[in-house]
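Take a look at the structure set out below.
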């Protein structure tokens, strides 16, 4: 299982600070790049990645920290930079390597680290020579297990957000003709965008319960690993069996949520501006316009119909749909997902809004 450590800093980590963080493993490791330099990898001398670091991302909404991590991480006072490091599960020391990388960034720049008790600045001694299995060609760095049928990602976060790397894994997995199977403990929750993304295609949220085994996190069907994938167990009557842990989950008292779906279809004109229906709906339901939007979580951009329209137009010119996430203010919490597609009927916006 890959282990994630995230540094939240008030200023962008510059190359010197990133280099100091990467020296957490000493001078014997090498640095490689992926995705045209958007991902740095700290590798063994043989080229096996131990740590993958995404390019820092500027987030304009400080409350994203509380939404995705809870109150255990201090809330930033303003915009902050989100730098995510993922350690391989093939080497126990790699998790401490990621924690030292994040700790060095916040030691130099200030800020906070998630998990909050993970950060340190020590050099992590590694058991050279390192004998690690090579990463199969074509397997994304965040994937833990890959078979001919599925790519398995194991995550242990309180809230499983549709981060940039998870969105990329979904796209790569679909392009390879595989399904994504996301494995979490029963204490994890998935955000609306993650749930919506898993709904496209044969993907699955797999919950690993210490007593009940594996079950589908959305439907409750018991699962077992067979023929290179988690598949549903059938009961005596041939229908899937529900896991006891899923059916016994108590309802949260006092919790209410409104979920609204809407679809708009526009002529494909040069002066088309998208997002207006969502904005009007949001205004009527919350008393304020949306606060931000993004293509992944954390939501990092200020709300702008013009900017999201430009993105959707550029993707439509390449024949690709657009998936967007919209966020409200902490005072009136709301979140939405929008899928924009070009069809013979015109430009379609399919939106789901959740309030509460």
Go through 164, 187 for me and flag whichever is under 23 Å from residue 336 (Cα atoms), at pLDDT below 95 and not assigned by TED's automatic domain parsing to the domain that holds residue 321. 164
Quick check: anything in the range 97-114 at pLDDT 95 or above, over 16 Å from the mean Cα position of the chain (by Cα), under 22 Å from residue 142 (Cβ atoms) and not in a helix (DSSP H, G or I)? yes
Do we find that residue 203 is in contact with a helix residue (DSSP H, G or I) (Cβ under 6 Å, 6 or more places away or on another chain), within 27 Å of residue 67 (Cβ to Cβ), touching a residue at least 12 places away in the same chain (Cβ under 8 Å) and not assigned by TED's automatic domain parsing to the domain that holds residue 41 in this structure? no
Quick one: which of 73, 65 is over 30 Å from residue 132 (Cα atoms), touching a strand residue (DSSP E or B) at 6+ places or on another chain (Cβ under 6 Å) and outside the structural domain of residue 153 (by TED's automatic domain parsing)? 73
Scan the range 307-328 for residues that are surrounded by fewer than 17 Cβ atoms within 10 Å (Cβ to Cβ) and either within 15 Å of residue 279 (Cα to Cα) or in the same structural domain as residue 68 (by TED's automatic domain parsing) (or both) and jot them down. 307
May I ask you to verify whether residue 151 is over 15 Å from residue 44 (Cα atoms), assigned by TED's automatic domain parsing to the domain that holds residue 180 and free of Cβ contacts under 8 Å to residues at least 60 places away in the same chain? yes
So which residues in the range 21-36 are farther than 14 Å from residue 140 by Cα and either free of Cβ contacts under 8 Å to residues at least 12 places away in the same chain or outside the structural domain of residue 100 (by TED's automatic domain parsing) (or both)? 27, 36
Which listed residue, of 162, 132, 180, is assigned to a loop (DSSP other than H, G, I, E, B) and more than 12 Å from the chain's Cα centre (by Cα): 132
On the basis of being assigned to a helix (DSSP H, G or I) and farther than 29 Å from residue 335 by Cα, does residue 137 make the cut? no
Residue among 265, 259 that is over 24 Å from the mean Cα position of the chain (by Cα), loosely packed, with under 13 Cβ neighbours inside 10 Å and either in a helix (DSSP H, G or I) or in contact (Cβ under 8 Å) with a residue 60 or more places away in the chain (or both): 265
Residue check for residue 125: at pLDDT below 95 and surrounded by fewer than 19 Cβ atoms within 10 Å (Cβ to Cβ): yes
Odd one out for residue 214, checked against (1) loosely packed, with under 12 Cβ neighbours inside 10 Å; (2) in a strand (DSSP E or B): (1)
Can you name the residue in the range 201-211 that is assigned to a loop (DSSP other than H, G, I, E, B) and under 23 Å from the mean Cα position of the chain (by Cα) and is also surrounded by the most Cβ atoms within 10 Å (Cβ to Cβ) among such residues? 203
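Okay, residues lined up against (1) in contact (Cβ under 8 Å) with a residue 60 or more places away in the chain; (2) loosely packed, with under 13 Cβ neighbours inside 10 Å; (3) more than 25 Å from residue 261 (Cα to Cα); (4) in contact with a strand residue (DSSP E or B) (Cβ under 6 Å, 6 or more places away or on another chain):
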site	(1), (2), (3), (4)
181	no, no, yes, yes
187	no, yes, yes, no
192	yes, no, no, yes
226	no, yes, yes, no
244	no, no, yes, no
Being touching a residue at least 40 places away in the same chain (Cβ under 8 Å), in contact with a strand residue (DSSP E or B) (Cβ under 6 Å, 6 or more places away or on another chain) and more than 17 Å from residue 197 (Cβ to Cβ) is true for just one of 345, 288, 336, 354. Which residue is that? 345
The range 278-356: strands (runs of 3 or more DSSP E) wholly inside it with 2 or more residues that are more than 19 Å from residue 163 (Cα to Cα) are 334-343, 346-355
With respect to residue 331, determine if the residue is closer than 29 Å to residue 157 by Cα, surrounded by fewer than 17 Cβ atoms within 10 Å (Cβ to Cβ) and without any contact (Cβ under 8 Å) to a residue 60 or more places away in the chain. yes
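The values are calculated or read from the model by the stated rules, or taken from the named source; none is laboratory data. Quick caveat, the model's predicted, so the values are computed rather than measured. FYI the Cβ positions are ideal-geometry reconstructions off the backbone, even for glycines, and counts take in every protein chain you see.
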